[in-house]
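Enquirer: Got a structure here, written out as structure tokens. Questions coming.
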Amino acid sequence: MATPSAMPMSPSSRNLLWMFRSYQNKSVIWEHYEYMGKTKGNRYLEGLKTMDIAIALVCVLIAVENAIVLLAIWRNKKFHVPMYYLLGNLTLSDMLAGFMYMVNILTSGANTMNMTPVLWFLREGGVFIMLAASVISLLAIAIERHVTMVRMKPYQGNKQGRMFALIGASWVLSVFLGVLPFLGWNCIGMLDQCSTVLPLYAKSYILFCITVFSAILISIVVLYVRIFRIVKCNTQRLASVPQRKGLYRKSQKYMALLKTVTIVLGVFIMCWLPLFILLLLDFCCPANACKVLFNADYFLGMAMFNSLLNPIIYTLTSKDMRRAILRLLCRPCLITKDGQVKKIGIPFLECSTTIYPRISKT
């Protein structure tokens, strides 16, 4: 009687088994870093350097700064309206981005070579997800402002679902983009297709991310340009109608807000464009061909700097938010007895405009 043979494995099962074993193999990390020429010198043999510690401290500042803004929003009921939900979502993603990048820095260097690919994907993917959430939150805010300002009226209570849909979609898309390498869109076993900046990521994945983020940036610019044109037209039209002075003043507030938007877009482009260019160069350059790719930490640090500036731009330019934060930090030394903000000698803050129009719960 013939002995029954084992069931043959399908190609897909063999691929999954091979991928699982590769994800647990520490030598994969060394193989990829060595192929890209990143093991030369003492970068991955020594511990943390002074620059690493300095960047980690900046990340702590990013996390603390954004945590203060979140606390101010949570403690003040006047901010418990849909208009501020997306602002809180942006602040949350920036805070988590600072925390995750700090973890990335503290586990870099020699610690990298002691990781399995699974841990490496978790480390890099965590930073990517939070940075992606920050960028996509900027797009969600642009969409919200487009709807609100074009209609020249705030969201009503029955529109809260749209806010939560934007927040949920931003995180779903961010997580989806971040886990793609872990799910198989990587270059393990295909060294010639690997990124130099992120040696386990496929170049095709890097190009895909550049395309997505560029599309997001273009969408933000298009939305704000359209807002500017419509609001400018409404301002000129309402100025000639005496009976519509209230709407004219509201339109003027929107125009003042667009000045802040210009700063937002300028800072965003200034912080992210160098990283976009570096990743595009990473896609085009073969291994060891472009030395600038070995200094990617500085370019990523500039992108992280955007998370440091976002709370300042999006909240401290709002008089209501600024007062809430100042009361939270130091009420006796920054708030007068009648509840007014003391003059602190910073013209930019004293003459700032309100990020969101005054709204009441309905």
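The values are calculated or read from the model by the stated rules, or taken from the named source; none is laboratory data. Because the structure is predicted, anything quoted here is derived from the model rather than measured. Note: ideal-geometry Cβ built from the backbone for every residue, glycine included; neighbour counts use all protein chains shown.
Enquirer: Run Phe182 past the list (1) modelled with pLDDT of 90 or more; (2) part of a helix (DSSP H, G or I) and report the number of the one that doesn't hold.
Expert: (2)
Enquirer: Please specify each residue of the range 74-120 satisfying the condition of being closer than 21 Å to Ala202 by Cβ and in contact with a Gly (Cβ under 9 Å, 6 or more places away or on another chain).
Expert: Asn104
Enquirer: Among what's in the range 37-66 and is in a helix (DSSP H, G or I), small (Gly, Ala, Ser) and surrounded by 16 or more Cβ atoms within 10 Å (Cβ to Cβ), pick the residue that is farthest from the chain's Cα centre (by Cα).
Expert: Taking the candidates together, the pick is Ala56.
Enquirer: Consider Trp120 against the criteria (1) modelled with pLDDT of 90 or more; (2) out of contact with any Ser or Thr (no Cβ under 9 Å at 6 or more places or on another chain); (3) surrounded by 21 or more Cβ atoms within 10 Å (Cβ to Cβ); (4) not in a loop (DSSP other than H, G, I, E, B): it satisfies all of them except one. Which criterion is unmet?
Expert: If we test Trp120 against (1) modelled with pLDDT of 90 or more; (2) out of contact with any Ser or Thr (no Cβ under 9 Å at 6 or more places or on another chain); (3) surrounded by 21 or more Cβ atoms within 10 Å (Cβ to Cβ); (4) not in a loop (DSSP other than H, G, I, E, B), just (2) comes out false.
Enquirer: Name, by its number, the condition in (1) touching a residue at least 24 places away in the same chain (Cβ under 8 Å); (2) surrounded by 19 or more Cβ atoms within 10 Å (Cβ to Cβ); (3) within 14 Å of Ile68 (Cβ to Cβ) that does not hold for Met304.
Expert: Every condition holds for Met304 apart from (3).
Enquirer: For a quick check of your reading of the model, give me the residue pairs whose first member lies in the range 179-197 and is over 16 Å from Gly126 (Cβ atoms) and surrounded by fewer than 19 Cβ atoms within 10 Å (Cβ to Cβ), whose second is hydroxyl-bearing (Ser, Thr, Tyr) and modelled with pLDDT of 90 or more, with beta-carbon atoms closer than 6 Å and at least 6 apart or on different chains.
Expert: Trp185/Tyr205
Enquirer: When both residues are 6+ apart or on different chains and their Cβ atoms are under 6 Å apart, which pairs have a first residue that lies in the range 155-168 and is farther than 14 Å from Gly88 by Cβ, and a second that is surrounded by fewer than 11 Cβ atoms within 10 Å (Cβ to Cβ) and at pLDDT below 50?
Expert: Final answer for the pair search is Gln156/Thr362; Gly157/Thr362.
Enquirer: Got a number for residues in the range 27-73 being modelled with pLDDT of 85 or more and not aliphatic (A, V, I, L, M)?
Expert: Total meeting the criteria: 10.
Enquirer: If Ile105 meets every condition in (1) modelled with pLDDT of 90 or more; (2) touching a helix residue (DSSP H, G or I) at 6+ places or on another chain (Cβ under 7 Å) apart from one, which number is that one?
Expert: The single condition Ile105 does not satisfy is (1).
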